[in-house]
Amino acid sequence: MNTLEMNRYQIAVLVGSLRRESFNRRLADALARLAPSDFDFTQLVIADLPPYNQDDDTDQAAPVKRLKAMLVAAQGLLFVTPEYNRSIPGVLKNAIDHASRPYGQSVWKGKPAAVIGVSPGAIGTAVAQQHLRNVLAYLDVPTLGQPEVFLQAKEDLFDASGDVGEPARKFLQGWMDAFVAWVKHHQPSSEAAGATSADAPTSLPPPHR
C-alpha cells in the first residue's frame, strides 16, 4: 500500500453561494456524507476575500493566503455552484482569480475537480457549470466530465435529516463514486512529485489586468 492510500484525502469545497439557507451549501453537506470514510470535505470561506486587484499580487491579503494554503493542502476540489444570470456567481470567480495569482503561482494546476450545482430552474445550473468548466480548463484543472449533474431544487431533493432524498440518492451516490475514483486516479506518483520546476516549459509573459 502506498503513502496516498494510507492517508486521508482532503477535499476543498467551494460553494458559490453566500446565502445562509443556500440549496448549494445543503447539497455540499449532503454529498460529503455519500463519500467513503477516508475522504474529508472542508468548505472554504470565500466571503471575506477582497475584490481581486492585480496591484495586490505582491502582498496578498490574509484571507487570500488562507484560501491558497488550504487549496495547496487539498488532494481534490469540489465546486458546488448556483447559476446567476446564466453564469457563475461573482464571489466564486473572485476566489478563482485570487488563487490563480500572482502569474505563474496558481495553486489550481493539476488538482482533480468536480462541478455540480442545484437551482430552482428546470435546467439546474447547466450554463453556469459550462462556464466554470471553461475557466478550470484554462487553469489546467482536470475536471470530471461524466456523469454530469443538473439538479432542480425540489421538495424531495433532501430528506428531513438533510441527506440526499431517496429519488436522487442512487444517482448521486454513483456520481460521488466517480468523483472519488477521479481524485485517486489523479494523485501524483512519487516520481512525479519529485519533479522540479525546471521540467516545465517556458511560460508566456504575464498578462496585465
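Readers should treat all values here as calculations from the given coordinates under stated rules, not as data from a laboratory. The shown structure was predicted, so the numbers you read here are calculated from the model rather than taken from an experiment. Because the Cβ atoms are built from the backbone with ideal geometry, glycine has one as well, and the counts that use them run over all protein chains shown.
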- Item | Potential extension, L18-I123 segment - 0.36 nm per residue separation minus Cα distance | 35.7 nm
- Message: Just to be sure I understand: with springs between alpha-carbon atoms less than 10 Å apart, which residue in H98, H185, H131 has the highest mean-square fluctuation in the Gaussian network model of the chain?
- Response: H185
- GNM of the chain, Cα pairs under 10 angstrom: of D29, D48, D40, the biggest fluctuation goes to D48
- Check the chain and count each lysine pair with an alpha-carbon distance under 29 angstrom, considering only pairs eight or more places apart or from different chains. 17
- Value of relative contact order over the stretch 50-125, rounded to a whole percent, pairs C-alpha under 8 Å and six or more apart: 39 percent
- Protection-proxy order for peptides 169-175, 72-78, each taking the mean of Cβ atoms within 10 Å per residue, highest first: 72-78, 169-175
- What is the extension gain from Q54 to D163, computed as 0.36 nm multiplied by their sequence separation minus the C-alpha to C-alpha distance, in nm to one decimal? 35.2 nm
- Where does helix 23-32 land angle-wise versus the long Cα axis of the chain, in degrees 0 to 90, nearest 10? 80 degrees
- Query: Pick from T42, T143, T58: which residue has the top mean-square fluctuation in a GNM of the chain where Cα pairs under 10 Å get a spring?
  - Reply: T58
- Fully extended contour minus Cα-Cα distance, from N7 to A137, at 0.36 nm per residue: 44.0 nm
- Task: Would you calculate the separation in nanometres between label points at N94 and H185, each defined as 7 Å from the Cα along the Cα-to-beta-carbon direction?
- Result: 3.5 nm
- Query: Of the GluC sites (Glu not before Pro) in the stretch 1-100, which ones lie in a loop per DSSP and count no more than 13 other C-beta atoms within 10 Å?
  - Reply: E21
- Query: Counting pairs of Cα atoms in the stretch 3-132, how many percent are more than 17 Å apart?
  - Reply: 59 percent
